Amino acid sequence: MKTLSALIFFLLLSACTGFRHNVEFSRREVTVGQNTYKYRVYVPKDRAPDQKLPVMLYLHGSGSRGTDNEAQIQGFNKFIGENPQNFNFIVVFPQGHSDTFWDSAMLAQAIAALDQTVKEFNGDEKRLYVAGWSLGGVGAWHAPILYPGKFAAVVPIAGRILPIDIEEANSAPEILALAKSEKPFEAFADKLKDVPVWIFHGGKDMSVPVNGSREMNRALKKVGNKNFHYTEYEGMDHYSVEAAFTTPELFTWLSEQRLK
């Protein structure tokens, strides 16, 4: 009886702690210049060795910065574990260092991790996606501008577009030039007019106000982007990443995106 009770307790505890989501995130590292950066990789379990899958680069928010190579996968054990059928692609999780943002240097290591993953797992270079939440959403907006022609789809979630004052010193010249133009949102949108984009944002986000995403929604329409979506969650706060990654339509849309 004691053994049975202990087993029941363990099963209940496992369910509460998310142990049931046995998702593997392989550990890897990449060297850029003199620096070595750690990152994680998710590969679907049922992938055939010779199958060329899409690859998503996911950029985390500010709370996951560091060097532990753990914090950046937060949430994805649940997102993938509960809906593995949605994640029919490889996901790369770089980690930005403390007191940095997704500036040129951090994006360079993220791109290096992405490229290394594509090579290691025979990823489809025509179907690369970039997504990011919060601070990572900033990176998701900037990455396709700094690396034009690389991404088949862009998914910014609760992300700013314009750099703030403390970021300007380390922002790429291309980003600063757009941000300081007479109509910055239209300037950014013009660079993305041929890039598939799906924007997600909470309507009650107090950390990153939704106005920037609304401006980009209007600007992308104005410049004639024919393949973008805008989802604003009424009443939702900053944590819109779970809602985004549990939207079935997002994954259907992603599966349709490919570079020409």
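The values are calculated or read from the model by the stated rules, or taken from the named source; none is laboratory data. Keep in mind the model is a prediction, meaning the values are calculated, not measured. When we count neighbours, we look across all protein chains shown, and the Cβ atoms used for this are built from the backbone with ideal geometry, even at glycine.
Out of the helices (runs of 4 or more DSSP H) lying entirely within the range 112-208, which hold 3 or more residues that are in contact with a helix residue (DSSP H, G or I) (Cβ under 6 Å, 6 or more places away or on another chain) and either under 20 Å from Glu232 (Cβ atoms) or aromatic (Phe, Trp, Tyr) (or both)?
Of the helices (runs of 4 or more DSSP H) lying wholly inside the range 112-208, those with at least 3 residues that are in contact with a helix residue (DSSP H, G or I) (Cβ under 6 Å, 6 or more places away or on another chain) and either under 20 Å from Glu232 (Cβ atoms) or aromatic (Phe, Trp, Tyr) (or both) span 184-191.
Could you check the range 211-238 and list, in sequence order, the residues that are touching a residue at least 40 places away in the same chain (Cβ under 8 Å) and under 20 Å from the mean Cα position of the chain (by Cα)?
Gly212, Ser213, Met216, His238
Does Lys119 fit the bill of being surrounded by fewer than 18 Cβ atoms within 10 Å (Cβ to Cβ), touching a Leu at 6+ places or on another chain (Cβ under 7 Å) and among the basic types (Lys, Arg)?
In short, no.
When the residues of the range 33-53 are filtered to those that are under 23 Å from the mean Cα position of the chain (by Cα) and loosely packed, with under 10 Cβ neighbours inside 10 Å, which remaining residue is farthest from Leu114 (Cα to Cα)?
The qualifying residue farthest from Leu114 (Cα to Cα) is Asp46.
Which condition number does Gly96 fail, the rest of (1) closer than 23 Å to Ser171 by Cα; (2) in a loop (DSSP other than H, G, I, E, B); (3) over 16 Å from the mean Cα position of the chain (by Cα); (4) not aromatic (Phe, Trp, Tyr) being met?
In the conditions (1) closer than 23 Å to Ser171 by Cα; (2) in a loop (DSSP other than H, G, I, E, B); (3) over 16 Å from the mean Cα position of the chain (by Cα); (4) not aromatic (Phe, Trp, Tyr), Gly96 misses (3) alone.
Being surrounded by 16 or more Cβ atoms within 10 Å (Cβ to Cβ) and part of a loop (DSSP other than H, G, I, E, B), is that true of even one residue in the range 212-222?
No, that holds for no residue.
I'm checking my understanding of the structure. Among residues of the range 132-182 that are at pLDDT 95 or above and of a type in the set (Asp, Glu), which one is farthest from the chain's Cα centre (by Cα)?
If we take residues in the range 132-182 being at pLDDT 95 or above and of a type in the set (Asp, Glu), then Glu182 is farthest from the chain's Cα centre (by Cα).
Which ones in the range 230-246 are out of contact with any Phe, Trp or Tyr (no Cβ under 8 Å at 6 or more places or on another chain) and surrounded by fewer than 16 Cβ atoms within 10 Å (Cβ to Cβ)?
Those that are out of contact with any Phe, Trp or Tyr (no Cβ under 8 Å at 6 or more places or on another chain) and surrounded by fewer than 16 Cβ atoms within 10 Å (Cβ to Cβ): Glu234, Gly235, Asp237.
Any idea how many residues of the range 206-260 are of a type in the set (D, E, K, R) and within 15 Å of Gly132 (Cβ to Cβ)?
The number of residues fulfilling the criteria is 1.
I'm checking my understanding of the structure. Among residues of the range 63-77 that are of a type in the set (S, T, N, Q) and surrounded by 17 or more Cβ atoms within 10 Å (Cβ to Cβ), which one is farthest from Val23 (Cα to Cα)?
Across the range 63-77, the extreme among qualifying residues is Ser64.
Output the number of residues of the range 65-91 satisfying the condition of being in a helix (DSSP H, G or I) and farther than 26 Å from Gln51 by Cβ.
1
Give the residues of the range 46-58 that are touching a residue at least 24 places away in the same chain (Cβ under 8 Å) and either in contact with a Ser or Thr (Cβ under 8 Å, 6 or more places away or on another chain) or over 17 Å from Glu125 (Cα atoms) (or both), sorted by residue number.
Passing the criteria: Pro54, Val55.
Residues Arg127, Arg160: which one is under 15 Å from Val208 (Cα atoms) and basic (Lys, Arg)?
Arg160
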